[in-house]
Structures are given as structure tokens and as C-alpha cells.
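Data first, discussion second: the structure below is written as C-alpha cells.
The values are calculated or read from the model by the stated rules, or taken from the named source; none is laboratory data. Please read these numbers as outputs of a predicted model, since none were measured by experiment. Methodologically, a virtual Cβ is constructed for each residue, glycine included, from the backbone with ideal geometry; neighbour enumeration extends over all protein chains shown.
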Amino acid sequence: MSRNDFRPPIGRPTMGAHAMGIGAVMADCSYFAGYPITPQTELLEYVSQALPEHGGVFQQLGDELSSVMAVFGAAVAGRRAMTATVGPGLNLMVEGLANAAGAEVPLVLGALTRAHVGVSAGLLPAQSDIRMLKGGGNGDYHLPILAPASVTEIARLTVEAFDLADLYTTPVVVAIDGVLANLIETLEPFEVPQRDLPAKTWSLENPRTDGGRRLVSAYRTPELDTLITYKLQDKYRRMAETEVRYEAEMMDDAEFVVVAYGIMARVAREAVRRARAKGVRAGLFRPVSLFPFPEDELGEIAGRVNEILVTEINFGQILPDVRLAANGRCPVRFLGQPAMPIPPAAVEHALETIAAGRSVEPRTFRDVHPTAWWQLESLPEPQRSAMEGIFAMLGGGDDPQRWIDTLLGIRPGTHGAGGKTS
Amino acid sequence: MSSTYQPPVGIETTRVGGTPGTMTGIGNTWCPGCGHGTLASLIADAIDQLGLQDRTILCPGVGCGTSIISQIDVNAVMCPHGRASDAATGLSRMLPDRTVVQYSGDGDACGIGLAGLMHACARGENFLVFIYNNNVYGMTGGQMGPTTTPEVPTTTFQSGRDETVMGHPIDIIKTLEAYPGVAYSARVSLASGVLVTKAAKIVKKAFQIHLDGIRGIKIVDVLGNCNVNWKGGGVSFTPQTANEFIESTIMKYFDVGEVRVPEAYRKPGKK
């Protein structure tokens, strides 16, 4: 299973971030450079020990930009190399990723995403970086994005990401959110398909032959630059033909389909089960590759179901892909919030709502942070009044306890002694 | 291929031991009188003399200097602007038996890429760095840069660096004196034949120290002209007057000579 003497800790409780490191070591990654950022640090700490033990080099560099470029350098040496980061670090890495895509250099990026725009201090898990990962840099490039939904799948898809990168000479992203990064599950046995990988004839490790090897992402002539862009598009077409991955569950008689990936796919699975118990014919479609997106498969489904419900921990970053796939064949609804997984009860409620012919109620600030009102009570004046004003402005003046009960699935009147009302 | 090499017509070039065999002989795109060609020849000459053509990997950053990729016949990777130190880090870590060479301009190394370069020096990475320091952003037409000295005319500060707004130029060699990870550092000038001959020795010495297995950054800051784009405020130069300007003015701010030399390579009685 491993590409070296490393034995993954099968059967043992394993953290998602560690599973990504396990995948990297199994794939015989030779170089990892990174800069610490929550929640990627567990991965950084893991590979800092595991990689050197198996012949690799681990370096902590000055910033994310240096990290991705050093990984680029290691990759042009013909070695397998990886880095990982989170939203604010991704902002810095976009330059290196776009350049590696244009120069056609294989590397793997672990994206362990959290909430917010720009510098984020809350550190709450979210799926907020998917849109920028799809190609946040300049020019017409795409990055293959794999979105695992379990710890075992994180390890497996990380190994596969290295193969994909080598096969298509491109950076490949393994994207998980903060929940999966810190989730601890038993690492199940898994198999990675053996692929025929092309020899790295472009690598600078090769001896200089006639004319030598020059790895460039831009040429002195504009015609050659244009030609490269065409070549890239051809590569993306080939990927769309052969590298689409998805899972469809309970789809045979489904009338209402939830589209979700990563941790939200697991939440949605539970919601679909509950909705089915109540008589709603629900199904689950989980894109595993967010690029290439399972457009044809989802389009076919859109032609035979009543409605599609997209649910993400963001404000709709794969929603445009789903809408394009559905192409007007059925209505596409959306349920999202900026941070933390949406509870199964809320997804179930949304399914019941659309099954009853009504539109989905948007998730408000109060839905996401029901406990904010509890914390308010401990604040001294005048901060308390100021915060109350802000919350009231953002979330309306509803009874927070009712929202908490709804979100946590608690029946009224069953609170313990600690139960509070506002 | 070297036999097909022709120097630009009408321009006197300083030859150091003939045209190096490591040069591709492809006509270069540098402006007449530019020192990039001289520096490329010096590097190619050192590679020739030390037999390093098959083990050298060149990492040019972005700027006029990027064209060196077509001038020197060695394996090379073009790096984004300011990222050559980082790419050279990954490359040299993975291929420790190769001679990895960063080739940057002053804007590339001391402006946008300063953090990467300083961290590489702090970590004591094992590669060579050559900076073609012409005091301006030449490729974009002569804007002020991090190393611009006060008298150099630029298109963004036309009467030279305004020290009340833009402070003082970065002396990269002095800056890097603080780092034990720098094995060898020196500044040379291409302003005259005598200075080019001295520069040739120092460029070769940097390669020799690397070849002898002394770990660390070997960095040479090379003062050269930008006779075409030192044009701010309507000033104009010829290659000749530009080189004289380096000697008379720029070298007042930037000392030429070796700064960090490994012990075994010092002349007796010198530190």
C-alpha cells in the first residue's frame, strides 16, 4: 500500500490533519515546506517528524509564499513535494500555485479551511476557500480539488493527489475544513489504485542534454504563451473525461437531492435519512472532485428529480457549478452559513420545507451563534449594551433559546439545571 | 555553438578569456552596453573553467536578467518575481550535489524577494546568488528601486531618490553581514575593464568555494549600468558615460570588494 517502508496506523484513532501527513509519507513525498497556521499545525507537526524518518526533508520557511515556492523548487527537481495552509496563507500561496499550474509542475497542496474574509481570528471551521482554490490566481488555469469526507478518505485521497499531480503535471489540492482536520476517527484499511505514471523527463534532475532543460511559465514570444494556455485547456478537458469523482446515495427514487461535500456530506447523509423516515424521498450527491466537477452526472440527476438543495459552510462556492450542471432542468436551492457545520436538523428542515413547496429559510447569525447571547450575559456594561445592539442589528430580536433548541434538536422542557432562557 | 556568438555590432565588449563554451550563442535581447551580458559571460566562464556545466541549475528571477535562461546552456527553471531564493531552496535541498545558482536583479532580490533571500541566508541554504544591481527597475523602464542611490535619475523620482520620502538605498551585502549562514559575500563592479577582471575572479571564487563543499549562501552583488533606462528627468546616458557614472557616483554609496570570506580562502594577514 505504501510506496516505501512506512506503515500507516491502520485501526488506530487518527486525526484528519495527521491522515493528510500519513498520505504524504505513504506517497513517498520527499519535501514538505510550510508555515504554521491553525488548523494546519497538527499536519505540520506530524510531517516534521514522519517525513525525515522516511528519507524526506521538512522545512519551516519564512511565510506561505516562500513555502509554496520552495515546494515548487523541490518539484522541479523531480521529487514529490507538498505544502499545506489555510485561507489567509492561501492568499499568499496563490502566486506559487498559478505559476506551478502555468509551468506545469506537479505538487500537492493541503487546504485545511476555516471561516471568514481576509485575516480571520475566530478560527471556526468552514468551506470558505473552495472558490479561490478553483483558480484564484491569474489566467485560465484550474486546480484539481479533492474533497474527502472522512479521516480514511483524507489519507487515501492525499496519496492519490500525488499520483494525479504527476500524471497531469499540475498542482493538486486536497481540501478539508477545520472539523475534518481535527476530527479523530479510526483509520480504516484502504487501497490506492496503481497508476502508470509518466517518467519525469522535464525534471531538472535529468542530465543536461542537447540544449538542456528549461522549465518556464512564460516565453519570450507571446505566441508560445498562447500555445501553453491552449495546452492547459486540453489537459483540463482530459481531466474532465477521466478524473471526475462523486458518490450518489439513496438516489433511485429520489425527488429531492442534497448536494454536499466534505463534512457537510456527512451531515447531509444523516439529514437525508431522517427526511426519508418522514416520507420525503431524499437523496445525497457528494462531489468528491470539486474540479473537475461531476457536471454531466449531476445534470442527468437534475433532469429526473424535483429539486436540488446545495448545502455548504459558505455562501455558495460550488453553487454556481451545480446551477451550471442543472442548467435549468430543476430548481436549485441553497442552504449555507459562514462558519461551522450546519446541524442535520436544519438540513432536514430545509428538505421538508422544499418538499412542502416552500422556499428555504436562510441561516441567520443567530442560527450560527446561538450561544452568543449566553456569553453576552457575562459581559460588563457598557460592552454588553453595545454587543446587544450589534447582535440585534445582525440577527433580529428573536428568542435565542428557541433557536438553540431547534438547532440541537432538543425538545422543549427537557433542559437540565443548566438550561437558560433569555 | 559558441563559435556562432557575435558581440553586438559597434559595441566594445570586454572579453575575459574568449567566449565561454557554456554560452548558447543565441543572440541576447539585452540593450546595447548593458552589463547583464558581461555578468552572464563571467558566470559561464566560471562554469566552464570549473567543469560545472552538467551540474549547474540556474534559477533566474523575473527582470531583464531572466533572459540569461537563453544565454547559458545549463538546466534552468524560471522563477516568479522575487521567488528565486525560495525555489533555489527546494531545488538545492533535493539535489544537494548540484550547483544551484540564483540570478536576480536588485529589484528581484532586494525588493520583492528580500524576505526569501534573507531567510535563505539565515537558514544557511547552500546555493549561489548573483544580483545584477543597476539601481533601477530596468525591465519596466527605469523606475526607482530599493537600491537606487540618490543621484540616479528614475522615471518615478526624476531628480533621483528623494530621501525625505523614500529613505535610503538597501546595501544588501552589509545587510547580510549579520547572517552566519552566508559563507561568502562580495560586491563587484562592471564599470571598467579593470573592474570586470576583478569581478571575474570573484565570480569564479564564489563557484570554487561552493564546489569545495563549504555550505552556505555565496552571494555577489554586481554593480552594472542601465544606460538605456537611467532616463528620468530627460537625462541620457551612453554605455560609456553610464559606466563612468557608476565609478564616480554609485560606488560612493556601495563599497566594492569581498566582505565575508571563509577562513581558508583569506589572504594572509586579512580578516
Task: Which numbered condition B:S185 misses (of (1) closer than 16 Å to B:D221 by Cβ; (2) surrounded by fewer than 19 Cβ atoms within 10 Å (Cβ to Cβ)) - done: (2)
Task: Residue list for segment B:236-252, filter: out of contact with any helix residue (DSSP H, G or I) (no Cβ under 8 Å at 6 or more places or on another chain), crowded, with 17+ Cβ neighbours inside 10 Å and not small (G, A, S) - done: B:P239, B:N243, B:F245, B:I246, B:I250, B:M251
TODO: Specify the residue that is farthest from A:A161 (Cα to Cα); the eligible residues are those in segment A:205-241 that are modelled with pLDDT of 90 or more and among the aliphatic types (A, V, I, L, M).
DONE: A:L232
Open item on the list: If a residue counts only when it is in contact with a strand residue (DSSP E or B) (Cβ under 6 Å, 6 or more places away or on another chain), which strands (runs of 3 or more DSSP E) contained entirely in segment A:2-120 have at least 3 such residues?
Closed with: A:31-34, A:57-60, A:81-85, A:107-113
TODO: Just one of (1) at pLDDT 95 or above; (2) crowded, with 17+ Cβ neighbours inside 10 Å trips up B:A122, so point out which.
DONE: (2)
Task: Odd one out for A:D28, checked against (1) of a type in the set (D, E); (2) surrounded by fewer than 17 Cβ atoms within 10 Å (Cβ to Cβ); (3) more than 28 Å from A:A126 (Cα to Cα) - done: (2)
Open item on the list: Based on this model, can you work out whether A:L164 counts as within 14 Å of chain B (Cβ to nearest Cβ) and either modelled with pLDDT under 90 or crowded, with 18+ Cβ neighbours inside 10 Å (or both)?
Closed with: no
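Is it true that some residue in segment A:210-219 is charged (D, E, K, R), surrounded by 19 or more Cβ atoms within 10 Å (Cβ to Cβ) and away from chain B (no Cβ under 14 Å)? Outline the logic, then answer.
Taking segment A:210-219 and keeping what is charged (D, E, K, R), we get A:210, A:213-214.
When the remaining residues are screened for being surrounded by 19 or more Cβ atoms within 10 Å (Cβ to Cβ), the result is A:213.
Filter once more, so that each one left must be away from chain B (no Cβ under 14 Å): none.
Looking for residues that are charged (D, E, K, R), surrounded by 19 or more Cβ atoms within 10 Å (Cβ to Cβ) and away from chain B (no Cβ under 14 Å), one finds none in segment A:210-219, hence no.
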Task: Scan of segment B:151-169 for residues that are surrounded by fewer than 18 Cβ atoms within 10 Å (Cβ to Cβ), part of a loop (DSSP other than H, G, I, E, B) and not hydroxyl-bearing (S, T, Y), ordered by number - done: B:E151, B:Q158, B:D162, B:G167, B:H168
Open item on the list: Take A:A268 and tell me if it is at negative phi and not in a helix (DSSP H, G or I).
Closed with: no
Open item on the list: Being among the basic types (K, R), in contact with a strand residue (DSSP E or B) (Cβ under 9 Å, 6 or more places away or on another chain) and without any contact (Cβ under 8 Å) to a residue 40 or more places away in the chain is true for just one of A:R245, A:R237, A:R214. Which residue is that?
Closed with: A:R214
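Please go through segment A:121-140 and pick out each residue that is assigned to a loop (DSSP other than H, G, I, E, B) and either within 21 Å of A:A19 (Cβ to Cβ) or away from chain B (no Cβ under 14 Å) (or both). Before the answer, list the steps.
To start, the set of residues in segment A:121-140 that are assigned to a loop (DSSP other than H, G, I, E, B) comprises A:121-124, A:126-129, A:134-140.
The answer is A:A121, A:G122, A:L123, A:L124, A:A126, A:Q127, A:S128, A:D129, A:K134, A:G135, A:G136, A:D140.
Suppose we filter A:T169, A:T186 for residues that are on the phi > 0 side of the Ramachandran plot, polar (S, T, N, Q) and surrounded by fewer than 23 Cβ atoms within 10 Å (Cβ to Cβ); which single one remains? Spell out how you get there, then give the answer.
Working: A:T186 fails: on the phi > 0 side of the Ramachandran plot.
Unique residue meeting the criteria: A:T169.
Under the condition of being among the polar types (S, T, N, Q) and more than 15 Å from the chain's Cα centre (by Cα), which residue from segment A:84-116 is nearest to the other protein chains (Cβ to nearest Cβ)?
Initial filter on segment A:84-116 (among the polar types (S, T, N, Q)): A:85, A:91, A:99, A:113.
If we keep only those that are more than 15 Å from the chain's Cα centre (by Cα) too, we end up with A:91, A:99.
On the way: A:N91: 15, A:N99: 5 Å.
Result: A:N99.
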Task: Conditions (1) at the interface with chain A (Cβ under 10 Å from one of its Cβ atoms); (2) among the hydrophobic types (A, V, I, L, M, F, W, C); (3) in contact with a helix residue (DSSP H, G or I) (Cβ under 6 Å, 6 or more places away or on another chain); number of the one not met by B:I68 - done: (1)
TODO: Among the candidates A:V86, A:V108, single out the residue that is within 18 Å of A:P148 (Cα to Cα), of a type outside the set (S, T, Y) and touching a Cys at 6+ places or on another chain (Cβ under 8 Å).
DONE: A:V108
Task: Checking B:D97 against (1) assigned to a loop (DSSP other than H, G, I, E, B); (2) of a type in the set (D, E, K, R); (3) at the interface with chain A (Cβ under 7 Å from one of its Cβ atoms), the condition it does not meet - done: (3)
Open item on the list: I'd like the full set of residues that are crowded, with 24+ Cβ neighbours inside 10 Å and either in contact with a Gly (Cβ under 6 Å, 6 or more places away or on another chain) or not basic (K, R) (or both), limited to segment B:79-93.
Closed with: B:C79, B:P80, B:G82, B:A84, B:S85, B:D86, B:A87, B:A88, B:T89, B:G90, B:L91, B:S92
TODO: Quick one: B:A46 ticks every box in (1) within 10 Å of another protein chain (Cβ to nearest Cβ); (2) small (G, A, S); (3) touching a helix residue (DSSP H, G or I) at 6+ places or on another chain (Cβ under 7 Å) except a single one, so which number is it?
DONE: (1)
- [ ] Specify which of the listed residues (A:V94, A:V117, A:V86) is touching a Leu at 6+ places or on another chain (Cβ under 6 Å) and either modelled with pLDDT under 95 or among the β-branched types (V, I, T) (or both).
- [x] A:V86
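Among the residues of segment B:198-210, is any outside any loop (DSSP other than H, G, I, E, B) and farther than 23 Å from B:F127 by Cα?
From segment B:198-210, those outside any loop (DSSP other than H, G, I, E, B) are B:198-210; that's our starting set.
Right, trim to farther than 23 Å from B:F127 by Cα and you get none.
No, there is no match, as no residue in segment B:198-210 is outside any loop (DSSP other than H, G, I, E, B) and farther than 23 Å from B:F127 by Cα.
Do the conditions hold for B:E151, that is, is it under 16 Å from B:D86 (Cβ atoms), among the acidic types (D, E) and in contact (Cβ under 8 Å) with a residue 60 or more places away in the chain? Quick ask: steps written out before the conclusion?
Working: under 16 Å from B:D86 (Cβ atoms): no; among the acidic types (D, E): yes; in contact (Cβ under 8 Å) with a residue 60 or more places away in the chain: yes.
So B:E151 does not fit the description; no.
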Open item on the list: Within segment B:53-68, does at least one residue satisfy the condition of being among the charged types (D, E, K, R) and within 17 Å of B:V220 (Cα to Cα)?
Closed with: no
Task: Any hit, segment B:137-156, residues being within 14 Å of chain A (Cβ to nearest Cβ), under 19 Å from the mean Cα position of the chain (by Cα) and under 29 Å from B:G27 (Cβ atoms) - done: yes
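Out of all the residues in segment A:60-83, is one or more more than 11 Å from chain B (Cβ to nearest Cβ), crowded, with 18+ Cβ neighbours inside 10 Å and over 28 Å from A:E191 (Cβ atoms)?
Of all residues in segment A:60-83, those more than 11 Å from chain B (Cβ to nearest Cβ) come to A:82.
Of the ones still in play, those that are also crowded, with 18+ Cβ neighbours inside 10 Å are A:82.
Subsequent filtering for residues that are over 28 Å from A:E191 (Cβ atoms) retains none.
There is no residue in segment A:60-83 that is more than 11 Å from chain B (Cβ to nearest Cβ), crowded, with 18+ Cβ neighbours inside 10 Å and over 28 Å from A:E191 (Cβ atoms).
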Open item on the list: Please go through segment B:103-116 and give me each residue that is closer than 19 Å to B:L223 by Cβ and either facing chain A (nearest Cβ under 10 Å) or of a type in the set (K, R) (or both), ordered by number.
Closed with: B:G113
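Can you name every one of the strands (runs of 3 or more DSSP E) wholly within segment A:287-388 that holds 2 or more residues which are farther than 24 Å from A:N182 by Cα? Walk me through it before giving the result.
Numbers: elements: A:289-291, A:307-312, A:332-336.
Output list reads A:307-312, A:332-336.
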TODO: Identify the residue in segment B:52-65 that is within 8 Å of chain A (Cβ to nearest Cβ) and surrounded by 24 or more Cβ atoms within 10 Å (Cβ to Cβ) and, among all such residues, is nearest to B:N134 (Cα to Cα).
DONE: B:C59
